[in-house]
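To start, the structure itself, in structure tokens.
The values are calculated or read from the model by the stated rules, or taken from the named source; none is laboratory data. Note that the coordinates shown come from a computational prediction; the quantities given were computed from them, not determined experimentally. Note that each Cβ is placed from the backbone with ideal geometry, even for glycine, and that neighbours are counted across all protein chains shown.
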There are 2 protein chains.
Amino acid sequence: MTMHAVTFELIKKDHKTKARRGRVHTPHGSIDTPVFMPVGTAATVKAMRPEEIKDMGAHIILSNTYHLYLRPGHELIKAAGGLHKFMNWDRAILTDSGGFQVFSLGDMRKITEEGVEFRSHIDGSKHMLTPEKAVTIQNALGSDIMMAFDECAPYPADHNYVKNSLERTSRWLKRCKSAHNNTESQSLFGIMQGGMYRDLRCQSAQEIVNLDLPGYAIGGLSVGEPKELMYEVLDYATDYLPENKPRYLMGVGSPDCLFEGVERGIDMFDCVLPTRIARNGTAMTSRGKIAIKNAIHEKDFDTLDPECDCYTCQNYSKAYLRHLYKSNEILSSMLLTNHNLHFLIKLMEKIRYAIETDHFSAFKKEFMEKYYGNLEEVKCL
Amino acid sequence: MTMHAVTFELIKKDHKTKARRGRVHTPHGSIDTPVFMPVGTAATVKAMRPEEIKDMGAHIILSNTYHLYLRPGHELIKAAGGLHKFMNWDRAILTDSGGFQVFSLGDMRKITEEGVEFRSHIDGSKHMLTPEKAVTIQNALGSDIMMAFDECAPYPADHNYVKNSLERTSRWLKRCKSAHNNTESQSLFGIMQGGMYRDLRCQSAQEIVNLDLPGYAIGGLSVGEPKELMYEVLDYATDYLPENKPRYLMGVGSPDCLFEGVERGIDMFDCVLPTRIARNGTAMTSRGKIAIKNAIHEKDFDTLDPECDCYTCQNYSKAYLRHLYKSNEILSSMLLTNHNLHFLIKLMEKIRYAIETDHFSAFKKEFMEKYYGNLEEVKCL
């Protein structure tokens, strides 16, 4: 068995569901799972000081290879001493491969066996991202967990397209593994593809698990398909992955999806949802989402969430937060981001505790009724 | 002699210049002078948590009556328990009268003896600000120091215009004083006008000092006149004010103007300069201003200022700050604002210490040479 920089410890399995309580060990500390990872796209979790995220209990954040490659450039970050030092974050970092972003560029990219040619969204300049390049960039960044360069097939896509795509993704994964030259302090995770097809998920899993990597992500979900379909895929997808490796569901962060993912054996999640909706004036609370701009909050001197002990809820009223948002004040983004991240990080703490104490299903039911009770359905981003 | 909620203690006079070391006592704590007051226009010092400003040693901030009257409204802030509670700031607050802002509206306002009719910059709605209204609003806000409703005459303006204007300002001041109904916990400061005319400055001073107010501001400066002219007016203007009351020079905050003002006997200053230029990517350092976007900082892994111990300089390089600024990240405004306010607040601490130890002039010379040495001249805002 290969020695990896990142290892996984399975602590406990839920007595009723596939939910797991575990711990991921990295060169920058350990992470209790299931975990939600805040997203710091451009080497900053938007509107947050790193200490704030630490204080609320985050032990790992995600950063984006595509963005950092284009600006400020991975060589610059390497010269700065790596991403941890550059951005003042001494806990674990996971970087994606840039694959998802370049595939999202639509007309501005072209896929070949070699890799993806694309144009920068910043200045239109031409670039090529290959498995080797994606790994080189992530080696320069020095993230603890590096993601393989994969193709995230669109939804919907036919069986033939998805099969070809996942097979190329498997070939790219081998190239990623060969290119990875810093195995002592960085670990490469593989990504399962296969769209919404069970046989292809199974095939993809077999191909990537053969490489004995320290962790596996489930990609190609939360890409526009109905939630029920995502859950259906997750129902079997986690069974195709080894029990002794962490499983990461990419791009998922709404509370319902977190519960459904955990229930199906997912250990790691990331999403821009809490930070993005914060900047748009939406708070996540124990009683569901609140759009702070609504007139109903104008003279509401209560805090966002009576059950929350975050900095924002300790010090500010909804009336004040509404005023800040309507005045386009930066503090609005700062306070709502702090609250939303705190909310999700504490939610994951409660989920972990529920698994430990064998009441995960009861906790899920209780939370879901309060959160979604009388509100419009929240869509995964 | 009237009892005031706000009092002034003159601690020491410089041996060579008119610089004074003093202390202003308010219902929300004492403020060592000379002091620079950060501006929190809309009930927030932009991009800052209140605790950050406290931690760097700020004991008073300024907030704007015009903005708060229009949004969220003074009645709402009163219902919230006052401005201190609303914005989570338990130290002293000074509010301006709204006069300067409504006069700046140009075509959108009309001056009469009664007051100023104007249209909101937010929605064009029609409003009337009078001395009584300005005081009513500030009473509702509950600021420790309230400013009288005055006319800040434009520059240039002829002798006759300025004379009529200052006399109306004096009549308005009496109306402000009569309207003020919360003298136990709030104090009203008068504002000297008189443009660039010595006889009118003298006349204005006599008229306002007669009212025995707890403090006096010098208005109508830093409105577009050459700096030398401002210094010339300050040369005599402070002599017309009583020694036992604090003197406040409105809207001034560049280091050179702070030194020149202190040297002429000014105790209090405020300006949006440090916070505004921070959001535009400019840092104030012991060696002058730095425009962080400049290419020279691209691979500069040193901190902004080797002599600075602020949060930003403790944790981040110029290369990182440049990256944040170029990426339009909110953290850029947060970190540069923190640094600039820290810079000015520490500068004022050093100025106070210099006065205490009789080396103010030497310190001024040393600072000015380092700050302005090889750089373009910095204009007062």
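Which helices (runs of 4 or more DSSP H) does the range A:225-337 wholly contain that include 1 or more residues that are of a type in the set (Val, Ile, Thr)? Give the steps one after another, and end with the answer.
Values: elements: A:227-237, A:255-263, A:273-279, A:311-315, A:318-326.
Result: A:227-237, A:255-263, A:273-279, A:311-315.
Answer yes or no as to whether A:ASP235 is in contact with a Cys (Cβ under 8 Å, 6 or more places away or on another chain) and of a type in the set (D, E, K, R).
Values: in contact with a Cys (Cβ under 8 Å, 6 or more places away or on another chain): no; of a type in the set (D, E, K, R): yes.
Spelling it out, it is not the case that A:ASP235 is in contact with a Cys (Cβ under 8 Å, 6 or more places away or on another chain) and of a type in the set (D, E, K, R).
May I ask you to list pairs of residues, at least six apart or on different chains, whose Cβ atoms are under 8 Å apart, with the first in the range B:158-186 being closer than 18 Å to B:ARG201 by Cβ and the second being exposed (fewer than 14 other Cβ atoms within 10 Å of the Cβ) and at pLDDT 95 or above?
Listed pairs, sorted by first residue: B:ARG168/B:GLU113; B:ARG171/B:GLU113.
Please specify each residue of the range B:128-140 satisfying the condition of being of a type outside the set (Val, Ile, Thr) and touching a Phe, Trp or Tyr at 6+ places or on another chain (Cβ under 6 Å).
B:PRO131, B:ALA134
Quick check on this structure: which one of B:THR44, B:THR7, B:THR26 is within 19 Å of the chain's Cα centre (by Cα), within 14 Å of chain A (Cβ to nearest Cβ) and at pLDDT 95 or above?
Working: B:THR7 fails: within 14 Å of chain A (Cβ to nearest Cβ); B:THR26 fails: within 14 Å of chain A (Cβ to nearest Cβ).
Matching residue, one of B:THR44, B:THR7, B:THR26: B:THR44.
Within the range B:47-84, how many residues turn out to be in a loop (DSSP other than H, G, I, E, B) and either facing chain A (nearest Cβ under 9 Å) or free of Cβ contacts under 8 Å to residues at least 40 places away in the same chain (or both)?
Keep residues of the range B:47-84 that are in a loop (DSSP other than H, G, I, E, B), which gives B:47-49, B:56-59, B:64, B:71-73, B:80-82.
From what's left, either facing chain A (nearest Cβ under 9 Å) or free of Cβ contacts under 8 Å to residues at least 40 places away in the same chain (or both): B:47-49, B:59, B:64, B:71-73, B:80-81.
Final tally of qualifying residues: 10.
Does B:VAL209 satisfy the criteria of being closer than 21 Å to B:PHE8 by Cα and β-branched (Val, Ile, Thr)? Even if it seems obvious, please write down each step before you answer.
On the way: closer than 21 Å to B:PHE8 by Cα: yes; β-branched (Val, Ile, Thr): yes.
Answer is yes for this residue.
Within the range A:143-161, can one find any residue that is within 14 Å of another protein chain (Cβ to nearest Cβ), closer than 26 Å to A:GLU52 by Cα and surrounded by 16 or more Cβ atoms within 10 Å (Cβ to Cβ)? It would help to see each step written out before you state the result.
Restricting attention to the range A:143-161, the residues satisfying the condition of being within 14 Å of another protein chain (Cβ to nearest Cβ) are none.
Checked against the condition, which is being within 14 Å of another protein chain (Cβ to nearest Cβ), closer than 26 Å to A:GLU52 by Cα and surrounded by 16 or more Cβ atoms within 10 Å (Cβ to Cβ), the range A:143-161 yields no hits at all.
Scan the range A:316-339 and report the pairs whose first residue is facing chain B (nearest Cβ under 7 Å) and whose second residue is crowded, with 24+ Cβ neighbours inside 10 Å and among the aromatic types (Phe, Trp, Tyr), with Cβ atoms within less than 7 Å and a gap of 6+ or a chain change.
A:TYR320/B:PHE86
Among the numbered criteria (1) of a type in the set (A, V, I, L, M); (2) over 24 Å from the mean Cα position of the chain (by Cα); (3) within 13 Å of another protein chain (Cβ to nearest Cβ), which one does A:ALA362 miss?
Status for A:ALA362: all satisfied but (3).
Can you pull out the residues in the range B:85-102 that are within 23 Å of A:LYS318 (Cα to Cα) and either within 12 Å of chain A (Cβ to nearest Cβ) or modelled with pLDDT under 95 (or both)?
The answer is B:LYS85, B:PHE86, B:MET87, B:ASN88, B:TRP89, B:ASP90.
Name the one entry in A:ILE345, A:ILE355 that is outside any loop (DSSP other than H, G, I, E, B), more than 14 Å from every other protein chain (Cβ to nearest Cβ), crowded, with 22+ Cβ neighbours inside 10 Å and within 23 Å of the chain's Cα centre (by Cα).
Working: A:ILE345 fails: crowded, with 22+ Cβ neighbours inside 10 Å.
One residue alone meets the criteria, A:ILE355.
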